[in-house]
Amino acid sequence: MTEMLSRNAARNMFFGGSAFFFLVFAALTAHSHWYMVNVSTDKAGLTESVAHGKDVWEKNSCINCHSIIGEGAYFAPELGNVWTRYGGRENPEGARAGIKAWIKAQPLNAPGRRRMPAFDLSETELDALVDFFQWTDSINTQNWPPHPAG
Amino acid sequence: MKYESQRVALPFFAVAMALFVLQVVFGIFAALVYVMPEFMAEAMPFHIMRMSHTNLLIVWLLLGFMGSTYYLMPEEAEAEIHSPMLAYIQLAIFAVAGAGALLSYQFGIHEGREFLEQPLWCKVLITVSFLMFLYNTSRTLLAGRRTAINSILMLGLWLAAIFWLFAFYNPDNLSVDKLYWWWVVHIWVEGVWELIMASLLAYLLIKMTGVDREIIEKWLYVIIGLALFSGLLGTGHHYYWIGAPGYWQPLGSIFSTLEVAPFFAMVMFAFFMFWKGRRNHPNKSAMLWTLGSATVAFFGAGVWGFLHTLSFVNYYSHGTQVTAAHGHLAFYGAYVMMVLAIITYAMPQLRRMQPYNQVLNMWSFWMMTSAMCFMTFTLTFAGVVQTHLQRVMGMNYMEVQSQLGLFYMMRLGAGVVVAISVFLFLYAVFGPAREQLPAESGPALTTA
C-alpha cells in the first residue's frame, strides 16, 4: 500500500485529516459543554455548598481510593450514586445522616477489611460533601451504573 | 555518538530510571494493601501510594521523552543542542517539581483530580521547565535539518504542552470538569503521545535496520494520521456516562475501535522494517525492546482497549479492574518499553562502548514483559468476575472485592517480578560492562 503513496501525500493527509477531526471534536465538545451545563446537570442546584463539597472531595483525594461515575482508583466503592444507595431519593434526611455517620465512624478497624482513614471533616464540610454527592447523583448519566451497587 | 551535546540525555535517563524504581516500589506497596489491608494503613494510606505510583510514572516518562529528544535531535537535525546548560537547568527544575510533589503527597498536600494531584507550584514549575525544554529543542531543530522524525516528535511534544494547560481549568460542575480533564488525559496518552512514540520508533528503526528514510517516514505519517483521526473522536469513549449527550456512544464506539489501527500499523511497520532491513545491528537487546514495544503496545493499548471500549460493553465494565488491566499493559507497552528501548540503544554510545551486557538486558526484557502480561491477565480476570457479580448480579462492592483475593495475590507476585527485572535492567545498562561482544543470537532475534 505504501508504494502508492508518496511521503508528501502522506504528510498532507495527516495535517488535513487531523485538522478536520480536531475541528469536529472541538465543536462536539463545545456542544457537550453547553448540554452539560443546561440539560444533563442540575444548573440551579449547583450551589456554593455543592462547589465546596467538590473542593472537600478533591482536598482529601477521595478519588485515589473511590471512583465517581466510574473514574478513580477502584479500590473503594463507587460514590457517584452513593446518594441513591443510601436511599436519598426517598429519604434525604436519612441518607444525609447515614453518609455522615459512616465517614465519621472511620477507621472501622475491622480485621482484614480495607481501611478508610479518619478524615477530620467539620460539620460544614461533611454537609457540603453530601450536597456534592446528592448533586452528582442527579446527573443524567445515560442510566449508568447498570445496578445501584455501583 | 556523533555530537558531543547528545550527552545531555544521560542525566535525564538517570533521573528517569531512579523515578522508575520509585514508581515500582509504590506500586508494590499499593498491591500489598490489596492483599494485606492493614499494611501501612496509618503511615501511608492507599490514596497516597496510588497517587505517588501514577504521578511518578508520568514524570519519569516525560523525563524519558526529554532525554530521548536530546539524544536524537542532534543526529536528526545534524546540529548540536542549542544550549546544554539550559537543558541541565530545565532538568533540575523538573526534578525539583517532581520530587516536591512526591514529598508533599507524603504530608497529605495535593490537589484532588486524578493524575493531576501536583500542588499548583509544582504544576507551574513543570510548565516552565517543559517550555524551556521546548525552546531548547525547537531552536536546535530550526537551526538544523528538518526530518519527518524530528518534526513529528516536536509536534507531539508541543501539543502535549498545549493540552497540559487544561490541567489548570477546574470548573465546579463535575461533568464539565471531566469533559476537559480528558482533554489532558486522553489526548495525551491516546493522541499526541502516540506521535512521540511513533517518531521514536521510526528513529530506532532507521538506525537499526538501515531501511530508507523515505519509506520509514512515509509509514510514520500514515501511523500518526491513523492515531489522530481515530484518537481525537475516540475521546468519546470517556464521554459515555459523564453527563454528555448520547451521540458519544456510537461516535466513541466507532472511533475508539479504530484506535486499534495505529497500533496494528506500528507492529506491522516494526516487523516489516526489521525483516526488510539488511543491516545486522549489533545492539540486539535494543532491537528486542523496539519490536517488543510495538507488539505489547498493540496488545495492551489496542486489543485490551478494544476489549471494553464499545459502549454496550463499557456500560457493564466501566470503572472495574478491567480498566486497571488495560491501563497497566498499555502504558507499559507503548511508553515504558519505548523509553527503555531508546535507553538500551543510546547508552552504549553515551558510554562510548560496543553494546554490552546484552544477555542480562534481554533477561530483564522477557521477565518484565511476562510479569506485566501476567499482571494484566490476573486483573482482567478480576475485572470480569467483578463486572458479573457487581454489575449484573448487583452484589455489594466490598463483598465482590472479598471474592477477588486470589487475583490480587497473583498481581502482587507479578509486581515483585517486575521489580526484580527493573533492577536487572538497570544493572545491565548502568552497571559495569562485562561482555561487550554482541550477543550471538538473542531469543527470537535471529536476523533473517
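Data overview
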item	result
A:Thr136 within 10 Å of chain B (Cβ to nearest Cβ) and either of a type outside the set (Phe, Trp, Tyr) or surrounded by fewer than 13 Cβ atoms within 10 Å (Cβ to Cβ) (or both)	yes
Criterion violated by B:Pro282 - all others in (1) of a type outside the set (Asp, Glu); (2) modelled with pLDDT of 95 or more; (3) over 28 Å from B:Ala382 (Cα atoms) satisfied	(2)
Region A:1-49 - residue that is of a type in the set (D, E, K, R) and either over 19 Å from the mean Cα position of the chain (by Cα) or within 7 Å of chain B (Cβ to nearest Cβ) (or both) and, of those, farthest from B:Leu228 (Cα to Cα)	A:Glu3
Single match in B:Gly327, B:Gly333, B:Gly300 (criterion: touching a helix residue (DSSP H, G or I) at 6+ places or on another chain (Cβ under 7 Å) and within 30 Å of B:Gly243 (Cβ to Cβ))	B:Gly300
Qualifying position, being within 11 Å of another protein chain (Cβ to nearest Cβ) and farther than 26 Å from B:His318 by Cα, among A:His52, A:His147, A:His66	A:His52
Scope region A:107-128; condition within 30 Å of B:Leu32 (Cα to Cα) and more than 11 Å from chain B (Cβ to nearest Cβ); matching residues	A:Leu121
Which numbered condition A:Trp102 fails, given (1) within 13 Å of another protein chain (Cβ to nearest Cβ); (2) under 24 Å from A:Thr41 (Cα atoms); (3) of a type outside the set (D, E, K, R)	(2)
Count of residues meeting criterion [small (Gly, Ala, Ser), out of contact with any strand residue (DSSP E or B) (no Cβ under 6 Å at 6 or more places or on another chain) and surrounded by 21 or more Cβ atoms within 10 Å (Cβ to Cβ)] in region A:77-100	2
Wholly enclosed helices (runs of 4 or more DSSP H) of region B:1-107 bearing at least 3 residues in contact (Cβ under 8 Å) with a residue 60 or more places away in the chain, surrounded by fewer than 18 Cβ atoms within 10 Å (Cβ to Cβ) and of a type outside the set (A, V, I, L, M, F, W, C)	B:84-106
Residue among B:Leu379, B:Leu424, B:Leu360, B:Leu406 that alone is in a helix (DSSP H, G or I) and either touching a Gly at 6+ places or on another chain (Cβ under 6 Å) or free of Cβ contacts under 8 Å to residues at least 40 places away in the same chain (or both)	B:Leu406
B:Lys276, sole failed condition from (1) at pLDDT below 95; (2) facing chain A (nearest Cβ under 9 Å)	(2)
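The values are calculated or read from the model by the stated rules, or taken from the named source; none is laboratory data. Source: prediction; values computed, not measured. Ideal geometry is used to build each Cβ from the backbone, glycine not excepted, and the neighbour counts take in all protein chains shown.
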